[in-house]
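Heads up, the thing below is written out as structure tokens.
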Amino acid sequence: MNSIMTEYYPVFELYQALRNQLMGLLHDDDLGFRPDDHNPTLGALCREMGEVQHAYIQSFRTFKMDLSYRNQESGLDRSIKRLVAWYEHMDQELKEVVSGLSEEVLSDRKIDRGGNFTVSPRIQLDIYKEALLIFYGKASVYLKMMDKTLPEQWQQWIA
């Protein structure tokens with residue numbers, strides 16, 4: 001097991017757990033909520049976050065960040081069950097790919113994020129954590145507008 005998995009990943013998984021809490025609050029009908037015509041539905045926001053996670057998983061494989069992936073699965077953004085299954089699959093995939101990185105790779109390889117910006121795998125995972133926090137901030141606005149009660153961890157970490 002590498003140093004990311006022993007020193008960082010257990011805390012990182014607490015950030016992923018916030019998404020699971022979000023999914024536990026929602027029903028399929030909630031995914032159609034849209035604050036106004038200029039914003040995506042909550043389901044589209046959730047699909048987009050999955051697409052971002054996919055990009056990060058691939059970056060740990062290829063050492064190049066590419067945000068062009070779009071999940072074309074019809075109805076994904078209208079089904080809690082399908083979103084949860086997708087997230088769970090990707091969470092496992094992320095854990096496997098990161099745990100498979102050797103200490104040599106962790107110290108020597110950089111991930112090209114474009115624009116002459118490269119980061120270590122450890123920093124890349126930290127940037128992904130920041131992407132999760134941005135997503136949670138957006139989702140919390142939707143939840144408040146829907147008059148949903150935020151779980152305790154959300155109240156302490158996000159709201």
Can you name the number of the only condition in (1) in a helix (DSSP H, G or I); (2) more than 19 Å from residue 159 (Cα to Cα) that residue 37 fails?
(1)
If you go through the stretch 105-127 one residue at a time, how many are crowded, with 16+ Cβ neighbours inside 10 Å, farther than 23 Å from residue 11 by Cα and free of Cβ contacts under 8 Å to residues at least 24 places away in the same chain?
1
In the stretch 103-129, anything touching a helix residue (DSSP H, G or I) at 6+ places or on another chain (Cβ under 9 Å) and either outside any helix (DSSP H, G or I) or closer than 13 Å to residue 62 by Cα (or both) is listed as 105, 109, 110, 111, 112, 113, 119, 120, 121, 124
Find all pairs meeting these conditions: Cβ atoms under 9 angstrom apart; at least six residues apart or on different chains; first residue within the stretch 4-26 and part of a loop (DSSP other than H, G, I, E, B); second residue polar (S, T, N, Q).
none
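Go through the stretch 69-86 and count every residue that is polar (S, T, N, Q) and either surrounded by 15 or more Cβ atoms within 10 Å (Cβ to Cβ) or touching a residue at least 12 places away in the same chain (Cβ under 8 Å) (or both). So that I can check it myself, show each step before the final result.
First, the residues of the stretch 69-86 that are polar (S, T, N, Q): 71-72, 74, 79.
Remaining after also requiring either surrounded by 15 or more Cβ atoms within 10 Å (Cβ to Cβ) or touching a residue at least 12 places away in the same chain (Cβ under 8 Å) (or both): 71, 79.
Total satisfying the criteria: 2.
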Just checking, does the stretch 134-141 include any residue being assigned to a helix (DSSP H, G or I), more than 27 Å from residue 39 (Cβ to Cβ), modelled with pLDDT of 95 or more and of a type outside the set (Lys, Arg)?
no
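The values are calculated or read from the model by the stated rules, or taken from the named source; none is laboratory data. The structure displayed is predicted, hence computed values, not measured ones. Note that each Cβ is placed from the backbone with ideal geometry, even for glycine, and that neighbours are counted across all protein chains shown.
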